[in-house]
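The structure appears below as structure tokens.
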Amino acid sequence: MKTRNKLLTLLTLSTGAATTTAIINQYIKYSAVSKNLLMNPEAHCYKWRLGNIHYVKYGKGKPILLIHDLMPEFSGYQWNDFISILKEKYSVYVIDLLGCGRSEKPNITYTNYLYVQLLTDFIRSEIGHRTDIIASGASASFSIMACSLTPELFDRLLFINPDSILSNSLIPGKRAKLFKFILDTPIVGTLLYNIAVSKKSLEQRFSQDYFNNPYSVKVDLIDWCYESAHLGESPKSVYASVQCNYTKCNIVNALKKIDNSIYLIGGEYIDFIKERFDEYKKYNPAIEYAIVPHTKLIPQLEAPDQVLKIVDMFLS
């Protein structure tokens, strides 16, 4: 009898803790999206087979597609400082990737090939012409893979701080699979995700990893990212897939195969950035690159004017 009572007490406490955690998770989600900062009345919707894709289009001329870095806090907002300049010469398409920003966020495992399919389908359906690409961070890898598979859809490629060749080659190990299993759980996994994308965590990432100058990180930028990280059905799914290497892919053979013009832009204070770019050049000697002074991972937000000058030089 005593043992049964202890078990009932433990079960009651566990149920209460789970209920409390679930309520906290719901409150965090509600408060994060309450400002509705990402709403855009000019947005378009591409009804893709795995979920609706949010994008905007500005200007007229040769098409150029801007692709944000592949993390749940990022969206097309990364390119806001670029649109007003580029739309004077180009048809500018800015996409929110599946699982990010204002696009749908189904509870699935996101892979590199999924984004390869999304990119090629989007260009065929919504752009309809050979297009230039500007992609940031981890999004460079699936842009490279897509170009190698369907070169007729792509023209010039510009990548900002792409992942290293070694990083792109990582695969999910046992620990990664276990971590993803935990993240996929509805209560504990969601709590861990909410901690990872809390405002405090985002501020820390921006001040330590994303920006070289922490004092240039604006409050509204954190607010935009915080909302992006909590919108939709399952924003944690893309986070789990990225963190556990499901979105990685060995790009060496694709790099060797591509005959398109490729330009790399790097932040000066990214560790071994020149060595990383030289490794890209080893597999495709035609690649050129430039380093943006006093920046880190997201120079298009930290020093947009400097990056735009390089972009204009490459595209002209």
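The values are calculated or read from the model by the stated rules, or taken from the named source; none is laboratory data. Just so we're clear, the structure is a prediction, and the values are computed from it rather than from any experiment. Positions of Cβ are generated from backbone atoms using ideal geometry, with glycine treated the same way; all protein chains shown enter the neighbour counts. Ligands, DNA and RNA are excluded from the accessible area calculation, which covers all protein heavy atoms including side chains. Shrake-Rupley method; radii C 1.70, N 1.55, O 1.52, S 1.80 Å.
Remarks
- Of all accessible heavy-atom area on segment 36-137, the percent that carbon and sulfur account for (1.4 Å): 49
- When peptides 55-61, 45-51, 235-241 are ranked by their average number of other Cβ atoms within 10 Å per residue, the highest-first order is 235-241, 55-61, 45-51.
- Above-threshold pairs, the threshold being 26 Å between Cα atoms, out of LYS218/LYS296; LYS62/LYS274; LYS105/LYS200; LYS200/LYS236; LYS248/LYS309; LYS47/LYS236: LYS62/LYS274; LYS248/LYS309
- Applied to segment 51-61, the Karplus parametrisation 6.51 cos²θ - 1.76 cosθ + 1.60 on θ = phi - 60° returns per-residue 3J(HN,Hα) values of x, 5, 10, 7, 8, 10, 9, 9, x, 9, x Hz, with x for Gly and Pro.
- Overall, the ratio between the Cα radius of gyration of segment 128-237 and 2.2 N^0.38 Å, rounded to two decimals, is 1.32.
- Positive minus negative residues near VAL252 (Lys, Arg vs Asp, Glu; Cβ under 12 Å): +2
- With every protein chain in place, segment 222-261: carbon and sulfur % of accessible area (1.4 Å): 41
- Relative packing of 140-152, 161-173, which averages over residues the other C-beta atoms within 10 Å, highest first: 140-152, 161-173
- With K and R counted +1 and D and E -1, the other residues having a Cβ less than 13 Å from that of LEU97 yield a net charge of -3.
- Only the Cβ atoms of Lys and Arg (+1) and of Asp and Glu (-1) were treated as charged; on that basis the dipole of the chain about its Cα centre amounts to roughly 1240 debye.
- Shape category assigned to segment 169-297 from the gyration tensor of Cα positions, a/c cut at 1.5: oblate
- Inter-part distance, segment 205-238 to segment 249-298, computed on C-alpha centroids, equals 25 Å.
- Counting only protein heavy atoms and a 1.4 Å probe, segment 202-316 has 47 square angstrom of accessible area per residue.
- Among ALA32, ALA18, ALA290, residue whose mean-square fluctuation peaks in a GNM of the chain (springs only between Cα atoms under 10 Å): ALA18
- ³J(HN,Hα), Karplus 6.51/-1.76/1.60, whole Hz, each residue of segment 152-157, x for Gly, Pro: 5, 8, 10, 10, 7, 10
- Per-residue ellipticity at 222 nm from helix content only, as computed over the chain with -39500 (n - 2.57) for each DSSP H run of at least four residues, stands at -13500 deg cm²/dmol.
- Counted by Cβ distance under 15 Å from THR21, the other residues give a net charge of +2, where Lys and Arg count +1 and Asp and Glu count -1.
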